[in-house]
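The values are calculated or read from the model by the stated rules, or taken from the named source; none is laboratory data. Treat the numbers as computed from the prediction; the structure is a model and nothing was measured. When we count neighbours, we look across all protein chains shown, and the Cβ atoms used for this are built from the backbone with ideal geometry, even at glycine. Accessible surface areas use protein heavy atoms only, side chains included; no ligands, DNA or RNA. Shrake-Rupley method; radii C 1.70, N 1.55, O 1.52, S 1.80 Å.
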Amino acid sequence: MKKLLSLLVAIAILNTACENGEGPIKVIEFEDSLVKTICTMYWDKDNDGELSYAEAESVTFIGDVFSNSDIKSFTELQYFTNLETISKTAFDCCENLTAIIIPDSVTSIGENAFYRCTSLTSINIPDGVTEIASGTFYGCENLKEIIIPDSVITIGKSAFCGCENLKEIIIPDSVTTIGEYAFENCTGVESITIGKKVTLIEAKGFRTFSSYFKTIYCKPATPPTVEAGGIGSH
């Protein structure tokens, strides 16, 4: 009888809390235990060994705490909804990382953010990002698909250098400048579409050691300035 009474009291307390908007704290279920360990190490404010959605929402800076780690999946990054920047070298050399979802709040991705993430096959770039910085996806050799949003204006130096499994590159009409070596050694590319506003392709922007690309669509009414070796073979 005492156990039943205690249970009923506990239920009553829980119901009252829920009615007052104080229900059980919802915690994130991480697919990757290492990601959970790192996240709770830095952002578990109540020290309960879990990361709640509220705790994730309060994070505004992640730095490079995941850099050079063995993380495999971080789709839960999407719940860090007040994060505006993926820091410089944030995930560099995370060679086992296969999946990550960047929150829509992000407007800036720093240099070398995903440098040599060699297992990464696809990634979303939020619509608010205006620049793909130097070396962002350098050496992501298994990256097969990338959608560059219409918000991007500049593609930096070596941004996609060595992404040898990319088959198609579509530069949106918002982009004005493609940096040197931006797509160097993307040896699997068969088709390139250059957006309407591109005015400059810097030196060796599309240089490759393979044969010439099969198809290049150049949409600008006035062809962009192409510096030495901007498009073509070595």
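Would you mind checking region 137-158 for residues with the amide N under 14 Å from a putative spin-label position 7 Å along Cα→C-beta of Ser119? Counting backbone N atoms under 14 Å from the label point, the list is 141-143. Accessible area per residue for region 55-113 is 41 Å², calculated with a 1.4 Å probe on protein heavy atoms, without ligands, DNA or RNA.
Charged neighbours of Ser134, selected by a Cβ distance under 12 Å, balance to -2 (K, R count +1; D, E count -1). For region 51-173, the square roots of the Cα gyration tensor eigenvalues, ordered a ≥ b ≥ c, give a/c of at least 1.5 with a/b no greater than b/c, which places it in the oblate category.
Taking 0.36 nm per residue of sequence separation and removing the Cα-Cα distance, the Glu29/Ser58 pair yields an extension gain of 8.7 nm. Once the 1.4 Å probe is applied to the protein heavy atoms, region 118-228 comes out at 44 Å² accessible per residue. The fraction of accessible area contributed by carbon and sulfur in region 123-203 is 45 percent, rounded to a whole number (1.4 Å probe; ligands and nucleic acids excluded).
By accessible area, using a 1.4 Å probe on protein heavy atoms only, region 61-106 has 42% of its surface on carbon and sulfur.
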